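Undergrad: Next up is a structure, given as structure tokens.
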Amino acid sequence: MESGFRFPFLISHFLPPVSRFPFPLSLLTSRLPLPTMKGRYKLNPINLTAHEAHEKMVSGEISSTELTKACLQRISMVEKKVSAYITIFPDLALKMAKDADERLKSGENVKPLTGIPIALKDLLCMKGKPTTCGSKILENFVPPYNATVVDMLLDAGAIILGKTNMDEFAMGSSTENSAFFPTHNPWDPDRVPGGSSGGSAAAVAAGEAIIALGSDTGGSIRQPAAFCGVTGMKPTYGAVSRYGLIAFASSLDQIGPIARDVKDIALCLDAIVAHDPMDSTSISFKKPPYLESLVDVDIKGMKIGYPVDFFGEGLDPGIRKSLDEARRVLEGLGAEFVDVELKSGDYALAAYYIIAPSEASSNLARYDGARYGYRNPTNIDVMDMYKKTRGEGLGREVIRRIMTGTYALSSGYYDAYYLKAQKVRTLIRRDYDRSFEKCDLLFTPATPAPAFRIGEKVDDPLEMYLSDIYTVSVNLAGLPGLVVPCGFTKGLPVGLQLIGKSFDELTLLKVGNAFQEVTDYHKRSPVLD
Amino acid sequence: MAYETVIGLEVHVELNTKTKLFCGCENRFAAEPNSLACPVCLGLPGLLPVVNKRAVEKHIMAAIALGCEILEYSKFDRKNYYYPDMPKNYQISQYDLPIAIKGCLEIEKSDGTKKVIGITRIHLEEDTGKSIHGGGSGSIMESDYTLLDYNRAGVPLMEIVSEPDMRSPEEAYLYLTGLKKILNWIGVSDCKMEQGSLRCDANISLRKKGELEFGVKTEIKNMNSFKSVRSALEFEEKRQAEVLENGGKISQETRGWEEDKGITVSMRSKEDAHDYRYFPEPDLAPLKISREWVDEIGKDLPELPDDRRERFIREYRLPEYDAGVLTTSREMSDFLEEAVVVCNDPKQVSNWLMSDISKYLNEKQVEIQETKLSASTLGGMINMIKKGTISGKIGKKLIAELLNKGGDPEEIVKKKGWIQVSSEEELLPLVKEAIDANPKAVEEYLGGKKSAIGFFVGQVMKATGGKANPGVVNKILMRELEK
């Protein structure tokens, strides 16, 4: 065990719990005051991608310290409007930037991510830093370990700016389910950024980070990327280690990057895709050099599947229009579109809302107040401790899903719900396999509609669940999905989703990059100042 | 009315791997509380289990030794329930596809008859931590505080489920001792019920003699020794018979054994039984156990006790009883084999082990491997007796020395001057002395009481401190007495 990390393994029913961690319990104290930067930097990180910044840092045109300061300054300027972060580490970030600058100066061990400011969704464990998962129950939790991806970023010399806001335990599609505060869409502060990785997507869109890591269980990277007009990818299940990712639904969760263009996604995948012996579900495969492979790509003759069923009823006309245009752009580049059938997609949402809550009901059972995290101080016995701790520590949506999952797994209902949902899952996978016999990748909308208003759907969970209609089946099938900005409707970004074969992230990146080479939607920024 | 008792046992056995089932923490008993725990076995957020291959190997060893069929495809499942000593509030266990199914264990009853007890399944799971309830009645709901020790959390645990094949508490007792013997033997667990490395829950029901259908069963928990399992079952057998005799019905329930009172009391009824909501563990890939792997493990498995006993009878020509006693523990039988390699005289090795050495072990309450005596030393000593270097009587002294202090028998014998005296020159004066000093005995001998010669041998032995070669003394005596 790490030194300085001790559990009081004592459940006292009469003594109030002792504060166990050497920092104030109120989160807001670690959030505020926002970093203040003197003067205005000529650098505006909102216009910079990681691969561009890398070139400028290697050539000495800018330093990591300058870039990090620019990000911190940007945060201090826009964070009040956006609220993307739960915790910010200005001092740590500047220290890391200094180290990165030395690394850059010496020229040794310089990686594409060296000196690049990155934000982490607050469910990725970082040693010694609060990791809340957007929940009151983990408000005071400080992990004594790094997630594998965090170790990889640190090894690469990336700068960690802070931890971003999210729907509690990644359950939600708007970041309104954060136990702390909602995040606002940088394109329209009255609207949601999507979720659950809403903080990560908003941070990138608002120029508060160059890249952000998120996690995607049913669309939690892709839907907010679409809502915020940034690029996001959910890699194949098993491509990125889940070690240190606080679990929502273990068989669906996958970590992925959110960035300003496809090249940055590739650059980030180069750093985080790897087999991890600490994660038994991580898979060893021969990965291509993603970023390098994007040079001089011709997508002529590429077969793109068009799942007709994804473009039916319920799709916003503005989104349909943008996607039609995107299709013409890709056709103009020589890609061939073929219609494919994906009927089982109709059942994806239902199956997802059985499987994910079932796993969650078990994954979240550990938050009981006995060992770490929030514990109700007035409980009279262990049952009372469980009930009050969980009743007070967990939010409504989380409780709703725990109850759904508990019900679905109960004896007598298991076959009708969980087992049936697993069968649907198998059918969905087969459906995708069959469609990939006819094409190299699929082309779909990312969301049925653009970002909705804050508060619009909070009282209607079913309506909220529908915003993941195009993304959940990809998780059920374990496939990679890439979302790239492809237009605007009523001033709000529209996202296009590309779905690939297992471990064929590269094809998605090639097509996505080709699209971005001839379009500029990904280069547009919201006006915040 | 005559009833038949039906018993089935669920036995949990901790595997003695170096590390825990899903993390690198040491697996050791009686360490300082919470000193053998890490973020993985404490179930901290975001951390994942990785299966300890060695635990699966030991599980397979046990399964082979118990004649099980080993499934090529098995998987882990989550068993969900809340208890503070279980860090994740679910236990990683196996539900519908355990590693091993359909095994058996043969027991031998006191009347010498043998019976095969079926084993339904053996599955692998993680152990929980330990709770110590302070103040109040000792249950978690009524105590003032609970202390938690997570050292045991995540220790590999095998659950061995028997068929309802036992027909008496005695058979259940024999099944348990048999299980312990074989698991000890193959070295997968020390099976110490007092330390909790073997735990047993018993299901028992009665039915009218001759009926095929089982009666309603009760499950008994909280037994902390093999004897208390037997006592609890004896109590429950009687209790159920009385209930049925009086026209009552047995209710399906879990009952706790109260050792001090010698009774079982109701803990919870069937209605209160947990719904564990088992589902496949999504953090672990299914276990694929290849035939080749099983064969490899089988090859490394030590010869099993029954096979070895048969071989001792067949090859070493040991009496059935000796062969049985000397194969109760693997250490004892290994000891015998190693000593035989040195002296090539199984009967002599067996004699020493069954007599002087067993006596010593019983007195001191130790195991053979805990003494200073090594098998090769015993073999060497037997060779010394056979060569005539020492007498059998000196051998008895020597073995006591070796058991207590160890050392090289040749050197001890030299240092202590225990080498057998076989020369006529040295022995003749002593023989003469004995004859001269005992004219009465000489008369008896010459008068036809040939057995009196034993008396003179004894006198010479006494005079030499047991070192005289009895054969040589005998020869000289006969010659001298006949003069």
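Readers should treat all values here as calculations from the given coordinates under stated rules, not as data from a laboratory. This one's a predicted model, so the numbers in the text were calculated from it and none came from an experiment. All Cβ positions, glycine included, derive from the backbone under ideal geometry; neighbour counts span all protein chains shown.
Undergrad: Using the 10 angstrom Cβ neighbour count as an exposure proxy, how do A:188, A:264 rank, fewest first?
TA: Ascending number of Cβ neighbours within 10 Å: A:188, A:264.
Undergrad: Please report, in debye to the nearest 20, how large the charge dipole of the stretch B:199-329 is about its Cα centre when each Lys and Arg carries +1 at its beta carbon and each Asp and Glu carries -1 there.
TA: Dipole of the stretch B:199-329, to the nearest 20 debye: 360 debye.
Undergrad: Show me, for the stretch A:286-297, the HN-Hα J-couplings you get by feeding each phi into the Karplus relation (A = 6.51, B = -1.76, C = 1.60, θ = phi - 60°), rounded to Hz, glycine and proline as x.
TA: Whole-Hz 3J(HN,Hα) from phi for the stretch A:286-297: 7, 8, x, x, 5, 5, 4, 6, 8, 7, 6, 9.
Undergrad: Report the convex hull volume per residue for the stretch B:424-481, counting only C-alpha atoms, in Å³.
TA: 64
Undergrad: Something else about it: Name the residue farthest towards the positive end of the dipole of the stretch B:3-295 from the options B:264, B:63, B:218, assuming +1 on Cβ of Lys and Arg, -1 on Cβ of Asp and Glu, about the Cα centre.
TA: B:63
Undergrad: Given the pairs B:75/B:115; B:109/B:238; B:115/B:209; A:387/B:79; B:180/B:364; B:261/B:364, which are separated by over 24 angstrom at their Cα positions? Could you put the intermediate results ahead of the total?
TA: Working: B:75/B:115 32 Å; B:109/B:238 21 Å; B:115/B:209 19 Å; A:387/B:79 20 Å; B:180/B:364 22 Å; B:261/B:364 32 Å.
Long pairs (Cα-Cα over 24 Å): B:75/B:115; B:261/B:364.
Undergrad: Taking the 0 to 90 degree range and rounding to the nearest ten, how far is the long axis of helix B:330-343 tilted relative to the main principal axis of chain B, both from C-alpha atoms?
TA: Tilt of helix B:330-343: around 30 degrees.
Undergrad: Work out the P(r) tail for chain A: percent of alpha carbon pairs separated by more than 35 Å, whole number.
TA: In whole percent, the share of Cα-Cα pairs in chain A beyond 35 Å is 30.
Undergrad: What is the angle, in °, between the Cα long axis of helix B:453-464 and the longest principal axis of the Cα atoms in chain B? Nearest 10 is fine, range 0 to 90.
TA: For helix B:453-464, the angle is close to 80 degrees.
Undergrad: With a ≥ b ≥ c the root eigenvalues of the C-alpha gyration tensor of the stretch B:15-70, is it rounded (a/c under 1.5), prolate (a/b larger than b/c) or oblate?
TA: It is oblate, given that a/c is not under 1.5 and a/b is not larger than b/c.
Undergrad: Can you tell me the relative contact order of the stretch B:108-221? Whole percent, Cα pairs under 8 Å, sequence separation 6 or more.
TA: 20
Undergrad: Whole-Hz ³J(HN,Hα) for each residue in the stretch A:512-520, computed from phi via Karplus 6.51 cos²θ - 1.76 cosθ + 1.60 with θ = phi - 60°, x for glycine and proline: what do you get?
TA: Karplus-based 3J(HN,Hα) across the stretch A:512-520 equals x, 5, 4, 5, 6, 5, 10, 10, 10 Hz.
Undergrad: At 222 nm, what value in deg cm²/dmol follows for chain A if DSSP H runs of at least 4 each add -39500 (n - 2.57) and the sum is divided by all its residues, to the nearest 500?
TA: That calculation yields -10500 deg cm²/dmol at 222 nm.
Undergrad: Just going by the charge dipole of the protein assembly as shown, with Lys and Arg at +1 and Asp and Glu at -1 on Cβ, which of A:389, B:185, A:479 is farthest out on the positive end?
TA: Farthest towards the positive pole: B:185.
Undergrad: Right, next: Output wanted: per-residue J couplings in Hz (rounded whole) for the stretch B:391-399, from phi through Karplus 6.51 cos²θ - 1.76 cosθ + 1.60, θ = phi - 60°, x for Gly and Pro.
TA: Going residue by residue, I get 8, x, 5, 4, x, 4, 5, 4, 5 Hz, with x marking Gly and Pro.
Undergrad: Using a simple charge model, +1 on the beta-carbon of Lys and Arg, -1 on the beta-carbon of Asp and Glu, nothing else, what dipole does the stretch B:365-446 show about its Cα centre, in debye to the nearest 20?
TA: Using only the charged Cβ atoms, the result is roughly 300 debye.
Undergrad: Can you return the aspartates and glutamates within cross-link range of residue A:343? Criterion is Cα-Cα under 17 Å, with same-chain partners fewer than 8 residues away left out.
TA: A:309, A:313, A:431, A:433, A:437, A:468
Undergrad: On to the next question. Would you list B:150, B:173, B:82, B:73 from fewest to most Cβ contacts within 10 Å?
TA: With the fewest neighbours first, B:150, B:173, B:82, B:73 line up as B:73, B:82, B:173, B:150.
Undergrad: Treating the Cα atoms of the stretch B:269-378 as identical point scatterers in vacuum, please give the log10 of the normalised Debye intensity I(q)/I(0) at q = 0.12 Å⁻¹, two decimals.
TA: Result of the Debye calculation: -0.58.
Undergrad: Per DSSP H run of at least 4 residues, take -39500 (n - 2.57); add these up for chain B, divide by its residues and hand me the 222 nm value, nearest 500 deg cm²/dmol.
TA: -12000 deg cm²/dmol
Undergrad: Which one, A:526, B:352, B:319, projects farthest toward the positive side of the charge dipole computed for the protein assembly as shown from Cβ point charges (K/R +1, D/E -1)?
TA: Sorting the options by dipole projection puts first B:352.
Undergrad: How tilted is helix B:424-437 with respect to the longest principal axis of chain B? Cα atoms for both, answer in degrees (0 to 90, nearest 10).
TA: Between helix and principal axis, roughly 80 degrees.
Undergrad: Output the direction-averaged projected area (hull surface divided by four) of the convex hull of the alpha-carbon atoms of the protein assembly as shown, in nm².
TA: Seen from a random direction, the Cα hull of the protein assembly as shown projects 55.5 nm² on average.
Undergrad: Next question. Treating the Cα atoms of the stretch B:135-267 as identical point scatterers in vacuum, please give the log10 of the normalised Debye intensity I(q)/I(0) at q = 0.10, 0.18 Å⁻¹, two decimals.
TA: -0.41, -1.12
Undergrad: Moving to a separate point now. Please give the Cα centre distance for the stretch B:75-140 versus the stretch B:460-482, rounded to the nearest Å.
TA: Cα centroid to Cα centroid, the span is 66 Å.
Undergrad: Quick one: of B:58/B:192; B:393/B:440; B:20/B:58; B:347/B:396; B:359/B:396, which pairs are farther than 20 Å apart, Cα to Cα?
TA: Pairs exceeding 20 Å: B:393/B:440.
Undergrad: Let me ask you something else. I need the GluC sites (Glu not before Pro) found in the stretch B:383-420, filtered to DSSP loop residues with at most 13 other beta carbons within 10 Å of theirs.
TA: Answer by residue number: there is no such site.
Undergrad: Arranged by the count of other C-beta atoms within 10 angstrom, fewest first, what order do A:316, B:96, B:85 take?
TA: Fewest to most other Cβ atoms nearby, the residues stand as B:96, A:316, B:85.
Undergrad: Something else now. Per the Cauchy relation, a quarter of the hull surface: what is the mean projected area of the convex hull of the alpha carbons in chain B, in nm²? Write out the running numbers ahead of the final one.
TA: Numbers: hull surface 130.2 nm².
Value for chain B: 32.6 nm².
Undergrad: Find the relative contact order for chain A and round it to a whole percent, using C-alpha pairs within less than 8 Å whose residues are 6+ positions apart. Working shown, then result.
TA: Numbers: 1238 pairs, mean separation 91.2, N = 529.
Relative contact order of chain A: 17 percent.
Undergrad: About the Cα centre of the protein assembly as shown, what is the dipole size in debye to 20, counting +1 per Lys and Arg Cβ and -1 per Asp and Glu Cβ, all else neutral?
TA: My answer is approximately 1280 debye.
Undergrad: For the stretch A:447-525 and the stretch A:318-377, write down the distance between their C-alpha centroids in whole Å.
TA: Distance between centres, Cα-based: 10 Å.
Undergrad: Here's another thing I want to ask about it. How high is the relative contact order of chain B? Use alpha-carbon pairs under 8 Å, at least six apart in sequence, and give a whole percent.
TA: It comes to 14 percent, rounded to a whole number.
Undergrad: If you don't mind, another one. Would you please classify the overall shape of the stretch A:5-294 from the alpha carbon gyration tensor, given that a ≥ b ≥ c denote the square roots of the eigenvalues, rounded means a/c under 1.5, and beyond that prolate means a/b larger than b/c while oblate covers the rest?
TA: Values: a/c = 1.38, a/b = 1.23, b/c = 1.12.
Because its axes are fairly even, with a/c under 1.5, the stretch A:5-294 counts as rounded.
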